[in-house]
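Visitor: Please read through the structure below; I'll follow up with questions.
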(Lines give C-alpha, C1' and ligand atoms only; values in the text may rest on other atoms or scores of the structure.)
Protein backbone atom coordinates (compact mmCIF):
# COMPACT_ATOMS: atom_id res chain seq x y z
CA UNK A 1 0.00 0.00 0.00
CA UNK A 2 1.05 3.52 -0.65
CA UNK A 3 1.65 5.89 2.29
CA UNK A 4 0.97 9.58 2.57
CA UNK A 5 2.73 12.81 3.50
CA UNK A 6 1.24 15.89 5.16
CA UNK A 7 2.42 19.11 6.82
CA UNK A 8 1.72 19.38 10.55
CA UNK A 9 2.52 21.64 13.48
CA UNK A 10 5.07 21.03 16.18
CA UNK A 11 3.74 18.86 19.01
CA UNK A 12 5.17 21.25 21.61
CA UNK A 13 3.38 24.31 20.22
CA UNK A 14 0.00 25.51 21.50
CA UNK A 15 -2.83 24.46 19.17
CA UNK A 16 -3.22 26.88 16.29
CA UNK A 17 -0.23 28.99 17.37
CA UNK A 18 2.91 27.28 16.09
CA UNK A 19 5.22 29.41 18.27
CA UNK A 20 7.05 28.27 21.39
CA UNK A 21 8.54 30.83 23.77
CA UNK A 22 11.75 29.39 25.17
CA UNK A 23 11.70 29.76 28.95
CA UNK A 24 14.15 26.99 29.88
CA UNK A 25 17.70 28.01 30.73
CA UNK A 26 19.34 24.56 30.98
CA UNK A 27 18.78 20.95 29.89
CA UNK A 28 16.61 20.18 32.94
CA UNK A 29 14.17 23.01 32.15
CA UNK A 30 14.31 22.84 28.33
CA UNK A 31 11.09 23.41 26.38
CA UNK A 32 9.76 20.55 24.26
CA UNK A 33 9.55 21.54 20.60
CA UNK A 34 8.50 18.26 18.97
CA UNK A 35 8.10 14.56 19.68
CA UNK A 36 8.59 12.50 16.51
CA UNK A 37 6.42 9.62 15.37
CA UNK A 38 6.87 6.47 17.46
CA UNK A 39 7.32 4.20 14.41
CA UNK A 40 10.61 3.04 12.97
CA UNK A 41 9.52 1.87 9.53
CA UNK A 42 10.93 3.25 6.31
CA UNK A 43 7.64 5.09 5.67
CA UNK A 44 7.10 6.47 9.21
CA UNK A 45 9.12 9.59 9.96
CA UNK A 46 8.90 13.33 10.64
CA UNK A 47 10.94 15.88 8.71
CA UNK A 48 11.42 18.79 11.15
CA UNK A 49 11.93 22.45 10.17
CA UNK A 50 12.63 25.10 12.86
CA UNK A 51 13.49 28.80 12.99
CA UNK A 52 14.34 30.86 16.06
CA UNK A 53 13.58 34.55 16.49
CA UNK A 54 15.43 36.66 19.01
CA UNK A 55 13.12 39.48 20.08
CA UNK A 56 15.59 40.99 22.53
CA UNK A 57 18.17 43.73 22.06
CA UNK A 58 21.05 41.38 22.89
CA UNK A 59 22.47 38.31 21.18
CA UNK A 60 21.25 35.03 22.72
CA UNK A 61 22.59 31.46 22.77
CA UNK A 62 20.12 28.69 21.93
CA UNK A 63 20.88 25.02 22.56
CA UNK A 64 18.91 22.12 21.11
CA UNK A 65 18.53 18.73 22.76
CA UNK A 66 17.94 15.96 20.23
CA UNK A 67 17.04 13.08 22.44
CA UNK A 68 19.44 13.67 25.32
CA UNK A 69 22.28 14.94 23.12
CA UNK A 70 23.05 18.69 23.22
CA UNK A 71 23.56 20.37 19.86
CA UNK A 72 24.88 23.89 19.87
CA UNK A 73 24.75 26.40 21.27
CA UNK A 74 23.80 28.53 18.29
CA UNK A 75 24.19 32.31 18.46
CA UNK A 76 20.92 34.03 17.56
CA UNK A 77 21.70 37.72 16.86
CA UNK A 78 19.61 40.46 18.48
CA UNK A 79 16.35 41.19 16.64
CA UNK A 80 17.01 38.45 14.07
CA UNK A 81 15.42 35.25 12.79
CA UNK A 82 17.70 32.27 12.17
CA UNK A 83 17.03 28.81 10.71
CA UNK A 84 18.11 26.21 13.26
CA UNK A 85 16.85 22.91 11.78
CA UNK A 86 16.28 22.40 8.06
CA UNK A 87 14.48 19.18 7.27
CA UNK A 88 16.03 16.79 9.78
CA UNK A 89 14.30 13.36 9.58
CA UNK A 90 13.28 11.94 12.95
CA UNK A 91 11.38 8.91 14.19
CA UNK A 92 11.18 6.38 17.05
CA UNK A 93 9.63 8.93 19.44
CA UNK A 94 12.73 11.16 19.41
CA UNK A 95 12.05 14.37 21.35
CA UNK A 96 13.58 17.73 20.42
CA UNK A 97 13.87 20.38 23.14
CA UNK A 98 15.52 23.79 23.43
CA UNK A 99 16.85 26.14 26.08
CA UNK A 100 18.45 29.58 25.93
CA UNK A 101 20.86 31.60 28.03
CA UNK A 102 18.15 34.21 28.70
CA UNK A 103 14.61 35.19 27.72
CA UNK A 104 13.67 36.52 24.31
CA UNK A 105 13.84 33.50 21.98
CA UNK A 106 10.76 32.18 20.20
CA UNK A 107 10.87 29.02 18.06
CA UNK A 108 8.40 28.21 15.31
CA UNK A 109 8.29 25.57 12.65
CA UNK A 110 6.49 22.67 11.09
CA UNK A 111 6.84 18.97 10.36
CA UNK A 112 6.40 17.08 7.10
CA UNK A 113 4.94 13.78 8.28
CA UNK A 114 5.49 10.65 6.18
CA UNK A 115 3.29 7.75 7.19
CA UNK A 116 2.67 4.28 5.87
CA UNK A 117 -0.90 3.48 4.87
CA UNK A 118 -3.11 2.02 7.58
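Visitor: Could you check residue 59 against (1) surrounded by 13 or more Cβ atoms within 10 Å (Cβ to Cβ); (2) at pLDDT below 95; (3) over 12 Å from residue 108 (Cα atoms) and say which number it fails?
Guide: Among (1) surrounded by 13 or more Cβ atoms within 10 Å (Cβ to Cβ); (2) at pLDDT below 95; (3) over 12 Å from residue 108 (Cα atoms), residue 59 violates only (2).
Visitor: Additional query: Taking the options 109, 93, 87, name whichever one is touching a strand residue (DSSP E or B) at 6+ places or on another chain (Cβ under 7 Å), within 14 Å of residue 36 (Cβ to Cβ) and not in a strand (DSSP E or B).
Guide: 93
Visitor: Follow-up question, since we're still on this one. Taking only region 19-28 into account, find how many residues are surrounded by fewer than 16 Cβ atoms within 10 Å (Cβ to Cβ) and more than 21 Å from residue 8 (Cβ to Cβ).
Guide: The total comes to 5.
Visitor: Here are 52, 38, 13, 42: which of them is part of a loop (DSSP other than H, G, I, E, B) and surrounded by 17 or more Cβ atoms within 10 Å (Cβ to Cβ)?
Guide: Checking each option against the conditions leaves just 13.
Visitor: I would also like to ask the following. Between 24, 72, which is closer than 16 Å to residue 96 by Cα, part of a loop (DSSP other than H, G, I, E, B) and within 15 Å of the chain's Cα centre (by Cα)?
Guide: One residue alone meets the criteria, 24.
Visitor: Going by what's in this entry, would residue 31 be described as buried (at least 16 other Cβ atoms within 10 Å of the Cβ) and over 27 Å from residue 114 (Cα atoms)? Quick ask: steps written out before the conclusion?
Guide: Values: buried (at least 16 other Cβ atoms within 10 Å of the Cβ): yes; over 27 Å from residue 114 (Cα atoms): no.
Answer is no for this residue.
Visitor: Could you check, for region 37-56, whether at least one of its residues is over 16 Å from residue 116 (Cα atoms) and out of contact with any strand residue (DSSP E or B) (no Cβ under 9 Å at 6 or more places or on another chain)?
Guide: No: region 37-56 contains no residue that is over 16 Å from residue 116 (Cα atoms) and out of contact with any strand residue (DSSP E or B) (no Cβ under 9 Å at 6 or more places or on another chain).
The values are calculated or read from the model by the stated rules, or taken from the named source; none is laboratory data. In this text the structure is predicted, and so the values were computed from the model without any measurement. Cβ: placed from backbone, ideal geometry, glycine included. Neighbour counts: every protein chain shown.
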